[in-house]
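The values are calculated or read from the model by the stated rules, or taken from the named source; none is laboratory data. Note that the structure is predicted; figures quoted are calculated from it, not measured. Using ideal geometry, Cβ is built from the backbone for each residue, glycine included, and neighbour counts are taken over all protein chains shown.
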């Protein structure tokens, strides 16, 4: 049976028109991706292409967000333009979720801190080390990536961390890095690094309040576990 191109569908069934007529919340994930793609191929509509990609990752947007341009281009019908458009859209969604209301945000515990970084770190396939900088009242100043590593580790230079803290007049720090393996248990290297940074912070009167290990399924807090 010959498949009808999207342009020949009823207007209310076309993704763009459906969004305009009924609102963005009425569209499925595949329809939203189809809008980004703009077109499919001679043998497959943009929606069918989007569904095929989603099916490959069990319709899990977190898994989709971990795909690289190379992963996406392996799908027939996806070229570099479609791949980077989809990745850019997913990154915008991630940044929107992680957007902050500025210095009015107060970090009262590990859960508040984890919310700031789970979207950023939880679905990465490599390790990254981040620091949240706080003022004396534990209000958020900024968060910054310190380093990016491989599959099993990254390096955090104390000199960079405390230099950034001094530049921002921060009096408190929350360290964080991810474990792509999903293992929440801190390694011996994690424990040593945390101890060294806590001691260095005491000299500069900058408190290291916590160190979070973030995964897709949760987080580990050194402070909650009494390790700081």
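Once the range 34-54 is narrowed to residues that are surrounded by 17 or more Cβ atoms within 10 Å (Cβ to Cβ) and either outside the structural domain of residue 87 (by TED's automatic domain parsing) or not in a helix (DSSP H, G or I) (or both), the residue that is modelled with the lowest pLDDT is 40.
Quick check: is even one residue across the range 217-225 at negative phi and at pLDDT below 90? Please lay out each step first, then the result.
Restricting attention to the range 217-225, the residues satisfying the condition of being at negative phi are 217, 219-225.
Right, trim to at pLDDT below 90 and you get 217.
Within the range 217-225, one or more residues are at negative phi and at pLDDT below 90.
Identify, please: which residue in the range 1-33 is outside any helix (DSSP H, G or I) and farther than 16 Å from residue 44 by Cα and is, among those, modelled with the lowest pLDDT? Only one residue fits best here, namely 10. Determine if the range 69-81 includes at least one residue that is more than 22 Å from the chain's Cα centre (by Cα), surrounded by 14 or more Cβ atoms within 10 Å (Cβ to Cβ), part of a helix (DSSP H, G or I) and free of Cβ contacts under 8 Å to residues at least 24 places away in the same chain. Checking the range 69-81: not a single residue is more than 22 Å from the chain's Cα centre (by Cα), surrounded by 14 or more Cβ atoms within 10 Å (Cβ to Cβ), part of a helix (DSSP H, G or I) and free of Cβ contacts under 8 Å to residues at least 24 places away in the same chain.
When 203, 198 are checked against the criterion of being out of contact with any helix residue (DSSP H, G or I) (no Cβ under 6 Å at 6 or more places or on another chain), crowded, with 18+ Cβ neighbours inside 10 Å and more than 30 Å from residue 90 (Cα to Cα), 198 stands alone in meeting it.
When you look at residue 100, is it assigned to a loop (DSSP other than H, G, I, E, B), out of contact with any helix residue (DSSP H, G or I) (no Cβ under 6 Å at 6 or more places or on another chain) and either modelled with pLDDT under 85 or buried (at least 16 other Cβ atoms within 10 Å of the Cβ) (or both), yes or no? It is true that residue 100 is assigned to a loop (DSSP other than H, G, I, E, B), out of contact with any helix residue (DSSP H, G or I) (no Cβ under 6 Å at 6 or more places or on another chain) and either modelled with pLDDT under 85 or buried (at least 16 other Cβ atoms within 10 Å of the Cβ) (or both).
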